[in-house]
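Visitor: Handing you this structure, nothing more for now.
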Amino acid sequence: MKQLLLEVLGWLGYLERPSVVLQLILVAAFMLGTRVALRRRLLPRLPATGYPPIGLGLLALCGGLLAFLRQPYGLLLLLGTLWLGWYGLRLLHRLLLLWLPEQATHQLESRLLRPAYLLIAAMALVSEVDSLADLAVAPLGALFGTEISAGKLFQAVLVIYVVLVGCGPPAAGLAWLLQRAVGMSEGSRKAMELMLRYAVVGLGLVVVAVHLGLNTTALIAVAGGLSVGLGFGIKEVFSNFVSGLWLLFEGSVRPGEVLMLDGDPCEVRKLGLRATLLWRDRDNAELLIPNQTFFTEAATTYTATDRMRRSQVSVGAAYHHDPAEVIALLEATARQVARVLPTPAPKALLLSYGDFAINYALRFWIAHPMDNAGICSEVNQAIWHAFKAQNIEIPFPQQVEYSMVWPPEQHKPNSEHH
């Protein structure tokens, strides 16, 4: 570690050279000037993509001037090239959007393209002021009795990052092929994809450990300690992990399914290994539910075998209206609502005789459970207009009060007083 720190401190002497400082100032000035010109649109007719090339062109003229004056210009040329490459990534972003969705483009850029470019840029800058070969052999210390150098550590971190980021598409492709060959369900395919990803990550960690030359006995001891931790410290995390795999294989909870949670319909957006992501429509909220919850509590689903759902609205009508006419009107009104399915046909029922009204229920079918609240509102509005057009009364609660005398034997009905 001391040798590596000495190498890094030696870069400060390089940065103290007047020619190096001049090149850094020129690059910073042109980058800042380009940014200010772009924000203030000093050239209104020039598109936004034209400002960086102008700045790079002026920077190249400065490099030619330094070469004419026989001054060093290598750092300026390198920084200008890196600036050009970063500008190229912005242009590549627009091209990727033509073939990939925005989310996939963002993931590709943030996880692969930009980190790879920054790594290349950092290595290029280090090679400008020092030797990468000398830095690679700089010792950093010992791990489990094995000497670790900067080069080995860099390669190990790079391999782990590439495995974590790049194992997704191959695992998805292999799981898709297995699904086609064996006929697995969609939930089983997702479970297989996740298991393949974790298997690749575990294999990558083993390869890194072998590459570093770590002591296998020490690794077994660490694995034993982790197993004890699973038994005591992170038991719930491991339980949710196993529950997530089981749910994926079983297919009882799948992305796109609608579950009832606290009386609200929620759509399953993502089934992870620790928790399930649900989306609640009424407030656009995303809920994280631990996977173990689906094994310990009952859950109602409306999309296990069929996405159609039967819904119901209740309404009361006055006693002087013929129940047969009210039932026919309710069924005809439901058939006129656009999002109510014609088959199975809506069905109206007389439920009970209430204190002040006859209680009816109108049952109908909808195509998607998440639309239930909106469709019920449309049906209720249609019933209101239909009752108003047919002069059917929806009565208010009514109470009749009688005066009483004591003792009860002397009480006479109010009708006898009139």
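Nothing in this text is a laboratory measurement; each read-out follows from the coordinates by a stated rule. Because the structure is predicted, anything quoted here is derived from the model rather than measured. Using ideal geometry, Cβ is built from the backbone for each residue, glycine included, and neighbour counts are taken over all protein chains shown.
Visitor: At what distance in nm do the modelled label points of Arg94 and Leu287 sit from each other, each positioned 7 Å from its Cα along Cα→Cβ?
Guide: Here the answer is 4.4 nm between the modelled labels.
Visitor: Given a Förster radius of 30 Å and the C-beta distance between Leu140 and Tyr117 as r, what FRET efficiency does 1/(1 + (r/R0)^6) yield to the nearest 0.05?
Guide: So, using R0 = 30 Å, E works out to roughly 0.70.
Visitor: Once the piece of chain linking Phe68 and Thr81 is laid out straight, how much longer is it, given 0.36 nm per residue of separation minus the C-alpha distance between them?
Guide: 2.7 nm
Visitor: Taking θ = phi - 60°, what integer Hz values does the Karplus form 6.51 cos²θ - 1.76 cosθ + 1.60 yield along the stretch 368-379, in sequence order, with x for Gly and Pro?
Guide: Whole-Hz 3J(HN,Hα) from phi for the stretch 368-379: 9, x, 5, 8, 4, 4, x, 5, 4, 5, 5, 5.
Visitor: Cut-off is 10 Å between beta-carbons; in what order do Thr81, Thr34 appear when sorted fewest neighbours first?
Guide: So the residues, fewest neighbours to most, are Thr81, Thr34.
Visitor: Under the 0.36 nm per residue contour assumption, what length would be gained going from the current alpha-carbon distance of Ala367 and Val207 to full extension?
Guide: 52.5 nm
Visitor: Among Ser377, Ser239, which comes first, then next, by fewest other beta-carbon atoms within 10 Å?
Guide: Ser377, Ser239
Visitor: What residues of the stretch 370-389 lie in the reach of a label at Ala332, counting those whose backbone N is under 19 Å from a point 7 Å from the Cα along Cα→Cβ?
Guide: The answer is 379-389, whose backbone nitrogens lie closer than 19 Å to the label point.
Visitor: Could I get the Rg over Rh figure for the stretch 248-301? Both from C-alpha atoms, Rh via Kirkwood, rounded to two places.
Guide: Rg/Rh for the stretch 248-301 comes to 0.92.
Visitor: Obtain the nm distance between the two label points defined at Gln155 and Ser377 by a simple spin-label model: each point lies 7 Å from its Cα along the Cα-to-C-beta direction.
Guide: 6.3
Visitor: Give the peptides 241-248, 282-289, 19-26, 68-75 in descending order of average Cβ contacts within 10 Å, highest first.
Guide: 241-248, 19-26, 68-75, 282-289
Visitor: Then there is this: Order 194-203, 110-119 from most to least packed using the mean count of other Cβ atoms within 10 Å.
Guide: Final packing ranking: 194-203, 110-119.
Visitor: For the stretch 60-124, what Kirkwood radius comes out of the mean inverse Cα-Cα distance, in Å?
Guide: 13.6
Visitor: What's the magnitude of the charge dipole for the stretch 309-389 around its Cα centre, counting Lys and Arg as +1 and Asp and Glu as -1 at the beta-carbon? Answer in Debye, nearest 20.
Guide: The calculated dipole for the stretch 309-389 is roughly 280 debye.
Visitor: Follow-up question, since we're still on this one. By how many nm would the segment from Tyr198 to Ala124 lengthen if fully extended, with 0.36 nm per residue of separation less the alpha-carbon distance?
Guide: 23.3 nm
Visitor: Here's another thing I want to ask about it. With a 10 Å Cβ neighbour count serving as the proxy for reagent exposure, in which order, fewest first, do Ile358, Ile120 appear?
Guide: Least crowded to most crowded, the residues run Ile120, Ile358.
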